[in-house]
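Read through the structure below, which is laid out as structure tokens, and then see the notes.
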Amino acid sequence: MKELSLNILDIAGNSVKAGATCVQITITETDETFLLVFKDDGCGMTKEQVENVTDPFFTTRTTRNVGLGIPFLKLAAEQTGGSFSIESATAREHPENHGTTTTALFNKNSIDFTPLGDVISTVTTLIMGSPGIDWRFTHTYGEKEVCIDTAEIRAVLGDGVPLDSYEVIEWIKSSLEEEYDSFYNN
């Protein structure tokens, strides 16, 4: 993929399909590294699924025979000299603590490092597309931080205002734009 924000959209989509009620997307950046972590409380994957999930010809989808999101993310990380891991616990085996954590570490100094891209549009699209999920997005670089937590927004708005309403999505987008402006320009 041409930008990591597209990988974020794709991998977070897996969490939605897994029935997650809470998805955390965390970016931790240094001068040399870019760490991308997805953590959800979805149904989880079996040991066999975890072992095969990086194979592009292994998928649980019934609509097509390939699944490229995870293999592309793994390839993008490893091409930079970074690493990739995935851990999962099924709801059946771990009813109190289930879900999947996907971690990709990139070396930013590599010529193969993919730029982040339009992460603001990605985050707002995820929230708009699945407003019932608690989304927590955090991007840190040293002391700088961008953070949006829909559980906090929902608590302020109350039950009467849906997260996918035009006004809320526009507020989320403008809030992220302000935070990123400060993030990159201070």
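The values are calculated or read from the model by the stated rules, or taken from the named source; none is laboratory data. Just so it is clear, the model here is predicted, and its values are computed rather than measured. Heads up, the Cβs are rebuilt from the backbone with ideal geometry, glycines too, and the neighbour counts pull from every protein chain shown. The area values use the complete protein model at the heavy-atom level, side chains included, leaving out ligands, DNA and RNA. Shrake-Rupley method; radii C 1.70, N 1.55, O 1.52, S 1.80 Å.
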Legend entry - Members of segment 90-103 that are assigned to a strand (DSSP E or B) and more than 12 Å from A18 (Cα to Cα): T101, T102, T103
Inset, instruction - Report yes if some residue within segment 145-153 is at pLDDT 95 or above, within 30 Å of A89 (Cα to Cα) and out of contact with any strand residue (DSSP E or B) (no Cβ under 8 Å at 6 or more places or on another chain); otherwise report no. - result: yes
Legend entry - Residues being crowded, with 22+ Cβ neighbours inside 10 Å and either among the aromatic types (F, W, Y) or farther than 28 Å from E143 by Cα (or both) - total across segment 1-27: 2
Legend entry - Subset tally (residues that are closer than 22 Å to A20 by Cα, outside any loop (DSSP other than H, G, I, E, B) and open to solvent by less than 40 Å² (accessible area, probe 1.4 Å)) for segment 66-87: 6
Inset, instruction - Only one of these is closer than 14 Å to T33 by Cβ, modelled with pLDDT of 95 or more and out of contact with any Ser or Thr (no Cβ under 7 Å at 6 or more places or on another chain): S110, S83. Name it. - result: S83
Inset, instruction - For residues that are crowded, with 16+ Cβ neighbours inside 10 Å and under 25 Å from T90 (Cα atoms), tally how many sit in segment 28-48. - result: 11
Legend entry - Matching residues in segment 133-143 - criterion: being in contact (Cβ under 8 Å) with a residue 40 or more places away in the chain and open to solvent by 40 Å² or more (accessible area, probe 1.4 Å): D134, R136, Y141, G142
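Residue-wise test of (1) open to solvent by 40 Å² or more (accessible area, probe 1.4 Å); (2) modelled with pLDDT under 95.
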site: A89; (1), (2): no, yes
site: R92; (1), (2): yes, yes
site: N97; (1), (2): yes, yes
site: T101; (1), (2): no, no
site: L105; (1), (2): yes, no
site: T114; (1), (2): no, yes
site: V123; (1), (2): no, no
site: L126; (1), (2): no, no
site: G129; (1), (2): yes, no
Legend entry - Scan of segment 1-46 for residues that are farther than 22 Å from E78 by Cβ, part of a helix (DSSP H, G or I) and of a type in the set (D, E, K, R), ordered by number: K17
Inset, instruction - Out of the residues in segment 144-161 that are under 18 Å from T21 (Cα atoms) and among the hydrophobic types (A, V, I, L, M, F, W, C), state the one that is most open to solvent (accessible area, probe 1.4 Å). - result: A155
Inset, instruction - May I ask you to verify whether E51 is modelled with pLDDT of 95 or more and either charged (D, E, K, R) or within 30 Å of E145 (Cβ to Cβ) (or both)? - result: no
Legend entry - Among (1) β-branched (V, I, T); (2) under 23 Å from E29 (Cα atoms); (3) out of contact with any Gly (no Cβ under 9 Å at 6 or more places or on another chain) - the single one V161 does not satisfy: (2)
